[in-house]
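So the structure is just underneath, and the comments pick up after that.
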Amino acid sequence: MLTAIIDYESGNLHSAEKAFQRMAQETNAGEVIVTGDADVVARADRIVLPGDGAFPACAAAVRGHSGLFDALREAVEDKGRPFLGICVGMQLMATWGREYEDTKGLDWVGGEVVKITPKDPSLKVPHMGWNDLVIDNPHPVFDGIQTGDHTYFVHSYQFHVADSAQRLAHVDYAGDITAVIGRDTMLGMQFHPEKSQDTGLRLIANFLNWAP
């Protein structure tokens, strides 16, 4: 069993690599590697797409790596390999990103990524720090997780999901902010599970052992 964390130069992946490797070892979920090699992504059993920075830059970087975009689509869309997008990696699953300019996403989960506008103007953007999850729809990734468990966020844009059934969890930041999305073999987390202590490690372990 091979899990590929895609490296498309979107940020430092050290903490994600260590967290996924730790939980893979603890749950006998096979090997975890960080790679930008399209051939490795194409043969991986599970795929993780992280992301830090702006939506347009991350989208361009994924499409700009030789063969990576096609390998990702083939693995997830055609072969149905379990997929997890993290932070901007989750946002790239949208139909459109509206950060700076209109940018096409992967269109795996219908919706758009727009700037966070809290109803309480005293709340700062970016939304940064710990927040309590509210589980909207059940999913195996939530095994051992419940409403009130907290995770760590750093973001200025949020995913407005077109189909409420595909919003699996949200948090309250003077208004609902999508925290987890999913359909079929695809999952996305707006927060950083690798920085979310016990809750994040449990979510990672659940993804590594999820058999959709």
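If you filter the range 163-212 down to residues that are open to solvent by 40 Å² or more (accessible area, probe 1.4 Å) and hydrophobic (A, V, I, L, M, F, W, C), you find that the one that is modelled with the highest pLDDT is Ala165.
In the range 9-30, the condition of being open to solvent by 10 Å² or more (accessible area, probe 1.4 Å), on the phi > 0 side of the Ramachandran plot, among the acidic types (Asp, Glu) and out of contact with any strand residue (DSSP E or B) (no Cβ under 7 Å at 6 or more places or on another chain) is met by at least one residue. Checked against (1) in a loop (DSSP other than H, G, I, E, B); (2) open to solvent by less than 30 Å² (accessible area, probe 1.4 Å); (3) of a type in the set (A, V, I, L, M, F, W, C); (4) farther than 19 Å from Thr185 by Cα, Leu106 meets all criteria but (4).
Are any residues in the range 133-154 touching a helix residue (DSSP H, G or I) at 6+ places or on another chain (Cβ under 7 Å) and either surrounded by 13 or more Cβ atoms within 10 Å (Cβ to Cβ) or without any contact (Cβ under 8 Å) to a residue 12 or more places away in the chain (or both), and if so, which ones? Let's see the steps before the verdict.
Applying the first criterion (touching a helix residue (DSSP H, G or I) at 6+ places or on another chain (Cβ under 7 Å)) to the range 133-154 yields 135, 137, 140-141, 143-145, 149-152.
Within the range 133-154, Ile135, Asn137, Pro140, Val141, Asp143, Ile145, Asp149, His150, Thr151, Tyr152 qualify.
Just one of the numbered conditions (1) within 18 Å of Ile204 (Cα to Cα); (2) in a strand (DSSP E or B) is not true of Val141: (2). Taking the numbered list (1) under 17 Å from Pro50 (Cβ atoms); (2) of a type in the set (Phe, Trp, Tyr); (3) open to solvent by 10 Å² or more (accessible area, probe 1.4 Å) in turn, Phe159 passes all entries but (3).
Of the residues that sit in the range 70-97 and are of a type in the set (Val, Ile, Thr) and open to solvent by less than 10 Å² (accessible area, probe 1.4 Å), which one is farthest from the chain's Cα centre (by Cα)? Result: Val76.
The values are calculated or read from the model by the stated rules, or taken from the named source; none is laboratory data. Because the structure is predicted, anything quoted here is derived from the model rather than measured. We place every Cβ from the backbone using ideal geometry, glycine too, and count neighbours over all the protein chains shown. Calculation scope for accessible area: heavy atoms of the full protein, side chains included, ligands and nucleic acids excluded. Shrake-Rupley method; radii C 1.70, N 1.55, O 1.52, S 1.80 Å.
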